[in-house]
Amino acid sequence: MKPPSLGTILLGLIPFIATCFSVSLWDRIYPIVFGLPFNFFWLILWLLLTPLIMWGAYRLEEPRTRGDRDKQDGAG
Amino acid sequence: MSSSAVTLTIISILVAIGSLVGFLARSHHRMDLEQWTVGGRGFGLVFVWLLMAGEIYTTFTFLGASGWAYSKGGPVLNILGFQPLMYVVSFFILPPVWEMGRKHKLQTQADFFQTRYNSVFLGALVALIGVICLIPYLQIQLTGLGLIVEVASFGAIHRIPAMIIGLGVVAAFVSVSGVRGVAWVSLIKDVLLLSAAVFVGFAIPRIYFGGIGSMFAALIQAKPSHLVMPGTTKYLGHTWYITTVLLMSCGFYMWPQYFAASFTAKNARVLRRNAVIMPLYSVTMPLMFFVGLSAVLVLPQLGNGDLSLLSMVRKTFPAWFLGIVGGAGVLTAMVTAAIQLLTGATLYAKNLFRPMLAPSMTDQQVARVAKMMVLVLTVAAVSLAMYTSASLVSLYLMGSAGVAQFFPGVVLGLFSRRVTTAGVFAGIATGIFIVVTLIWTGRDPYLGWNAGLVALCSNFVITGLVSVLTPQRTPAGNETVPESL
């Protein structure tokens, strides 16, 4: 099993930093954005940003695994 | 027709349609163990999405999210925190798990441990812990199902007969259709649940407050502390949030049913793509929160927070609409219970019963034992749900914290050469011991930390230490060991 590349792991860390470790920075009511308390707004925003970042990770990871996939397709 | 007759008729029709689809889904496939458990390993993006979403959006998230928003406030945000992150974790671990699954024809999580660590006993231990953790989770679905029918029938049907009928249907359709039937019923309930959630989530704040923004404005005026952590609780603050989000995002795919769902994929790419898009599905979760938060001001006297969504729907909309929401909820509970039964039964038959008691059994006989086990688990869960109604949340937490203890064995098993069978044994034993001690003695959170994460960290340390101290056993057929490390 090839371990994931450093770049992919760093990308994967971004959502963890933004929504988990930094909780004391964003868990507050103000400023209100689009009518939402800031903590609700922040986490909803990251529901949308996380797929974008992981799409980047997917693009990075896909060429590395392409060789394996051709093998699978041939075998399957 | 009275209101309760209208809602119950609609719920019955939806359940009937769902079950019919489940039964029909099998028609073109020969039902061997491989087809029954992992759908012949032929599911593409949409099917895997349906299956995973179907399993992940359970009664607990559906009723529990609005319930926590109502009763606890801010701490409910942990759901929005861990859901995207568990998909990030799945991006890294599920594709290699799938890879190993294809290579060694794995069907269960215990198969993975058995093959990677070359030990039937480790496989059996993982199966045993998995089945034990599944029973309370199954019980939660049943209780949810009973609650929905009780509220929707305006108290006319007691929850126990409702649970028994619902579970009878589930057990029958699991035995007949296997994982493919479940994926199709998931499609129906997802469409229903999604449209109901989106509609209710926007409509309720609008009807009572004029919009989501005004609902929040009213809540900030009345109870600002409800909207940030620790909300109405004492201990669920920021340390608890971080440790819980970490535990849930690492531990979620360690549930045997979610782990095994990855084997249904056609290739590893399907799983990676799924991990990328799944967080978008969580967009419905805040809508559930909005309903629970509206209920804080509209129905402040509810005894049970888990009833806040259903009670708001019943108060606000006509009976037929409560029927649709209730039907979606019942199908959700059924799909979730079905996949839990399927997983528990296969784990028991394949990884406990056969290797320990009857090693010469054929796959066909294993399939038969598994189908009998569906009945046994059904009866066990119904009796548990009937006799113990209290502390479902603590049972669920204990189950989640329990299965999370598989995480070091999975991750190190995939990416490290140095980890040994003895190390993983010792780590899992330590982790489970700590979970049971801390949670049973009421020490969760422990010093502000989620008890499951305390156990998981100790588990990692012990796995590492024992692995360094024990000699490495090279598994038969070297390819189970990571190549590039």
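The values are calculated or read from the model by the stated rules, or taken from the named source; none is laboratory data. Predicted, not measured: the structure shown is a model, and the values here were computed from it. Every residue, glycine among them, receives a Cβ derived from its backbone with ideal geometry; neighbour counts consider all protein chains shown. Keep in mind that these areas ignore ligands, DNA and RNA; they rest on the heavy atoms of the full protein, side chains included. Shrake-Rupley method; radii C 1.70, N 1.55, O 1.52, S 1.80 Å.
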Over all distinct alpha-carbon pairs, what is the Kirkwood Rh of the stretch B:3-386 in angstrom? 21.3
Summed buried accessible surface, chains B and A, 1.4 Å probe, nearest 100 Å²: 3900
Expressed as a whole-number percentage, the relative contact order of the stretch B:3-386 with C-alpha contacts under 8 angstrom and at least six residues apart is 40
Just the accessible area for B:TRP68, please: 1.4 Å probe, Å², rounded to the nearest 10? 50
Hull-based mean projected area of the protein assembly as shown, where the convex hull spans the alpha carbons, in square nanometres: 24.3
Hey, can you find the accessible area per residue of the protein assembly as shown for me, probe 1.4 Å, expressed in square angstrom? 37
Using the Cα centre of the protein assembly as shown as the reference point, and only Cβ charges (+1 on K/R, -1 on D/E), how large is the resulting charge dipole? Debye, rounded to the nearest 20. 400
I need the shape label for the stretch B:118-196. Rule: rounded when a/c is under 1.5, else prolate if a/b > b/c, else oblate, with a, b, c from the alpha carbon gyration tensor. prolate
Using a 1.4 Å probe and counting only protein heavy atoms, arrange A:PHE34, B:PHE202 so the residue with the most accessible area comes first. A:PHE34, B:PHE202
Of all the accessible heavy-atom surface of the stretch B:77-175, with the other protein chains kept in place and a 1.4 Å probe, what percent is carbon and sulfur? 71
Accessible area of B:MET361 in the full protein assembly, 1.4 Å probe (Å², nearest 10): 30
Helix hunt in chain B: which complete DSSP H runs extend at least 24 Å axially by C-alpha with mean Kyte-Doolittle at least 0.5? B:3-24, B:77-104, B:120-152, B:159-209, B:319-346, B:363-387, B:421-440, B:451-469
Provide a list, ordered by number, of residues in the stretch A:1-33 showing at least 30 Å² less accessible area with every protein chain present than when their chain is taken on its own, using a 1.4 Å probe. A:MET1, A:PRO3, A:PRO4, A:PHE16, A:THR19, A:CYS20, A:PHE21, A:VAL23, A:ASP27, A:ILE29
Please calculate the 1.4 Å probe accessible area of B:ASP111, with all protein chains present, and give it to the nearest 10 Å². 10
How many Lys pairs in the protein assembly as shown lie less than 17 angstrom apart by Cα atoms, where the lysines are 8 or more positions apart or on different chains? 12
Counting alpha carbon pairs within less than 8 Å and at least 6 residues apart, what relative contact order, in whole percent, applies to the stretch B:187-341? 37
Comparing each residue of the stretch B:263-310 in the complete protein assembly with the chain by itself (heavy atoms, probe 1.4 Å, ligands and nucleic acids ignored), those losing at least 50 Å² of accessible area are B:ARG269, B:ARG272, B:VAL276
Give the long-range amide H neighbours of A:VAL33: residues separated by 5 or more places, or on another chain, with amide H under 5 Å away, using H modelled in the peptide plane at 1.01 Å from N. A:PHE38
Chymotrypsin sites (Phe, Trp or Tyr not before Pro) lying in DSSP loop within the stretch B:282-344, provided at most 12 other Cβ fall within 10 Å: none
Taking the stretch B:233-268, which chymotrypsin sites (Phe, Trp or Tyr not before Pro) meet the DSSP loop condition and have no more than 10 other C-beta atoms within 10 Å? none
